[in-house]
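Notes follow the structure.
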Amino acid sequence: MGEIVAAMATCHAPQLFTYPPDEDPAQLDASIAGMRELGKLLDETKPDVIVFLGSDHLETFSIGCVPTFAIVAGSRAIAEFARRDYDLPIHREMAEDLLYKLVGADFDIAYSEDAVLGHTFAVPFEFVIAGRDIPVIPIHTNVYLPPLPSPKRCAAIGREIAKVIASRPERVAIIASGGMSHYPGTWKYPQPEFDFDQWMIAELERGNADALFELTTEQLDEVGNTELLPWSIMFGAIGNAPGELVQYTPTWHHGHAMIRFLPARPRAAALAAAPPKYQFKNQGFEFYKHPPASAYKLNKMLFEVRTDSVLQRRILNDFDAVVAEWGLSEQEKEATRALATVGQAKKISDNAAVIIAAGAHPLQALMTLHAVHGEMKRLQRELADQ
């Protein structure tokens, strides 16, 4: 009979790879140390397979097609970010079993054999799995392009995943990648809801996953925590298992959280007093809405630029030709200029507003800025070496 032997939640901040100049390196070091601490659970429990619950930042699926849920059921898990590449084995037989049984249980799950995964997967691949020879099963949840699945729906899938695991022989670890509060690309980026994070962490440390299940996707958007949807799948699978905070890092724009749930063990420290329940404004989706159809070309171009280093260099060196090829409007042209001039910004995020005003998805805007900024730095190094 199969068993879930380890369960953990981790952040996946791209800055942990890139160490941009607007970050505190000591904070990034602390988050990486917390992720490595989670990785020790894999040595302790020796799982046969890792069910990896992640999401997408419009890197893998973008606006071409965005499934609500998807399993990568090929032979290899390929992840790429910041010129780092990962190629992990997939437990294909179990991935296909999950796919068939979840669909058979009336969950509409998409699948891919060769989707290239982004930093949601790449960062924990580096710092949690960290070269350990354990097959994975990547499972994607849409957390940024509404409509989104509710926490309760995610929990229901988690319960069905647990049934499939119980019907099989493998020892399974679950890694939920995401969170906590952050608003990349939006006006609220420098103002995370740390109070919500502390309230939710306190509830989860006490084993009260219902505190998450009772929230709406609009409320998660309000507090910058739609990435807790993959966590909801994990809690559906493991039930109300008390957690233990390993590390929480409040950066200027993001709450990095690393929490362990299984295996159960005595706490290293007594629980602190629980903070009061977080009070929501309940004003509906504000930060991550579906982009307008009129901005299709802009969003499509941003996706292509983000994933193509050659196009990134053309934005920097041949701006007018790229704009002409895409047939962009004057407003979209100015938005694209914000990519080309990202090196002049004090903070990379400063250039996002004009791109978003032209109709870009905020996350697509910010992540493309980061990609172009990284390519700009590589180009500068090459020129300096000549």
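The values are calculated or read from the model by the stated rules, or taken from the named source; none is laboratory data. Worth saying up front: this structure is predicted, and the values here are computed from it rather than measured. Virtual Cβ from ideal backbone geometry, glycine too; neighbours counted across all protein chains shown.
The residue list 335, 365 contains one member that is in a helix (DSSP H, G or I), small (Gly, Ala, Ser) and more than 24 Å from the chain's Cα centre (by Cα), which is 335. Among the residues of region 46-71, those that are under 28 Å from residue 298 (Cα atoms) and part of a strand (DSSP E or B) comprise 54, 55, 69, 70. Write out, first by first residue and then by second, each pair whose Cβ atoms fall under 6 Å of each other, whose residues are 6+ apart or on separate chains, and whose first residue, in region 269-284, is closer than 13 Å to residue 202 by Cβ while the second is among the aromatic types (Phe, Trp, Tyr). From region 269-284, the pairs are 275/199; 278/196; 278/199. Looking at the structure I just gave you, is residue 285 buried (at least 16 other Cβ atoms within 10 Å of the Cβ) and within 24 Å of residue 66 (Cα to Cα)? Here the answer is yes, as residue 285 does meet what is asked.
Condition check ((1) modelled with pLDDT under 95; (2) of a type outside the set (Val, Ile, Thr)) across all residues:
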residue	(1), (2)
93	no, yes
106	no, yes
115	yes, yes
150	no, yes
165	no, no
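In region 167-179, the condition of being crowded, with 23+ Cβ neighbours inside 10 Å and either aromatic (Phe, Trp, Tyr) or in a helix (DSSP H, G or I) (or both) is met by no residue. Considering region 220-254, the residues that are part of a loop (DSSP other than H, G, I, E, B) and in contact with a His (Cβ under 7 Å, 6 or more places away or on another chain) include one that is surrounded by the fewest Cβ atoms within 10 Å (Cβ to Cβ), namely 253. Applying the selection to region 283-325, what residues are closer than 16 Å to residue 338 by Cα and outside any helix (DSSP H, G or I)? The answer is 318, and nothing else. Taking the criterion of being more than 17 Å from the chain's Cα centre (by Cα) and in contact (Cβ under 8 Å) with a residue 40 or more places away in the chain, the residues of region 9-33 that qualify are 20, 22, 23, 24, 27, 30, 33.
If I filter region 4-27 for residues that are closer than 21 Å to residue 230 by Cα, of a type outside the set (A, V, I, L, M) and surrounded by fewer than 17 Cβ atoms within 10 Å (Cβ to Cβ), do I get at least one hit? No, that holds for no residue. Within region 29-44, not a single residue is closer than 30 Å to residue 301 by Cβ and not assigned by TED's automatic domain parsing to the domain that holds residue 305. Scanning region 203-216 for residues that are in contact with a Pro (Cβ under 7 Å, 6 or more places away or on another chain) and surrounded by 20 or more Cβ atoms within 10 Å (Cβ to Cβ), we see that the one that is farthest from residue 281 (Cα to Cα) is 212.
Give me a count of the residues in region 349-386 that are under 19 Å from residue 82 (Cβ atoms) and of a type outside the set (Ser, Thr, Tyr). Qualifying residue count for the region: 21.
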